[in-house]
1. Report the one residue of S203, G159, V107 whose Cα lies farthest in the direction of the positive end of the charge dipole of the chain (charges on C-beta: Lys and Arg +1, Asp and Glu -1; origin at the Cα centre).
2. Please list, ordered by chain and number, the residues whose modelled amide H lies under 5 Å from the amide H of I128; skip anything fewer than 5 residues away on the same chain.
3. Per DSSP H run of at least 4 residues, take -39500 (n - 2.57); add these up for the chain, divide by its residues and hand me the 222 nm value, nearest 500 deg cm²/dmol.
4. With every protein chain left in place, what is the accessible area per residue of the chain in square angstrom, probe 1.4 Å?
5. Using a 1.4 Å probe on the protein heavy atoms, what percent of the accessible area of segment 22-153 belongs to carbon and sulfur?
6. Only Cα pairs under 8 Å and at least 6 apart count here; give the relative contact order of the chain as a rounded whole percent.
7. Out of residues 5 or more away from F28 or on other chains, whose amide H comes under 5 Å of its own, with H placed 1.01 Å from N in the peptide plane?
8. Non-local amide H neighbours of E138 (under 5 Å, H modeled in plane, Pro and chain starts lacking H): which ones?
Amino acid sequence: MILFPAIDLKGGACVRLVQGDMARATVFSDDPPAQARAFAAAGFAWLHVVDLDGAFAGKPVNADAVAAILETVDIPVQLGGGIRDMATIEAWLGRGVHRVILGTVAVRDPGLVRDACRAFPGRIAVGIDARDGRVAVEGWAETVDVSALDLARRFEDAGAAAIIHTDIARDGALEGVAAAATGALARALATPVIASGGVASQSDLSALKAYEADGVCGVICGRALYDGRIDPAQALALLAA
């Protein structure tokens, strides 16, 4: 199971939000490339990067910070936030992003997701963010009347590398992961699932690890790493076991 450290970009800085609220942002670093280097040096095999401003704007906003991260580290980067058309997908993949995350367009333009999966096998993930079981889009500003499971099932035959499922109510709140619910989602799908939202301690990682055989292939962690609640070496050893 892969542990993805999160670098969320707002105004060119690394921040963490609480439940996706841009007004509740804590700045952890004003040097995203340095933070990326620190995560790479700690032994992480991937980075999870999100352009938060881009998610609201519907187009890349923190492109300079993302480019600086790509120039700084050699480990693969998965990137989401404001990626809404094929030209942007192609541009980021061409600049060195290993995997692009498509969220809002999974609802607004599912055909684009399918086209991207065909054009770039293994390099497209579908981001499904849910609040009270319903999918949220446009930087989580709008909730639509479709469940996370129903949306994920629409892309079962598309060839997506993974479903990245975020529990918005838990995101950044350090309240623990919904491990059983994540495991149930993974069991219902053939596409691997990456969990996001609520990781607060190593016990949360252990809880998710128990569902690895069900298809939970990774977990994204932000605030608990920045706060020092999770030791990178211990966490990586646990998930690699």
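The values are calculated or read from the model by the stated rules, or taken from the named source; none is laboratory data. Quick caveat, the model's predicted, so the values are computed rather than measured. Quick reminder, even Gly has a Cβ in these numbers, built from the backbone with ideal geometry, and neighbours come from all protein chains shown. All accessible areas refer to the heavy atoms of the entire protein, side chains included, with ligands and DNA or RNA removed. Shrake-Rupley method; radii C 1.70, N 1.55, O 1.52, S 1.80 Å.
1. G159
2. Counting only residues 5 or more places away or on other chains, the set is I164, H165, T166.
3. On the way: 11 runs with 86 residues, N = 241.
Rounded to the nearest 500, it is -9500 deg cm²/dmol.
4. Numbers: 9400 Å² over 241 residues.
Here the residues of the chain average 39 Å² of exposed surface.
5. Values: 2700 of 5620 Å².
Answer for segment 22-153: carbon and sulfur cover 48 percent of the accessible area.
6. Details: 542 pairs, mean separation 45.3, N = 241.
Across the chain, relative contact order equals 19 percent.
7. Excluding prolines and chain starts, which carry no amide H, the hits are C14, V15, R16.
8. Residues meeting the amide H criterion: T104.
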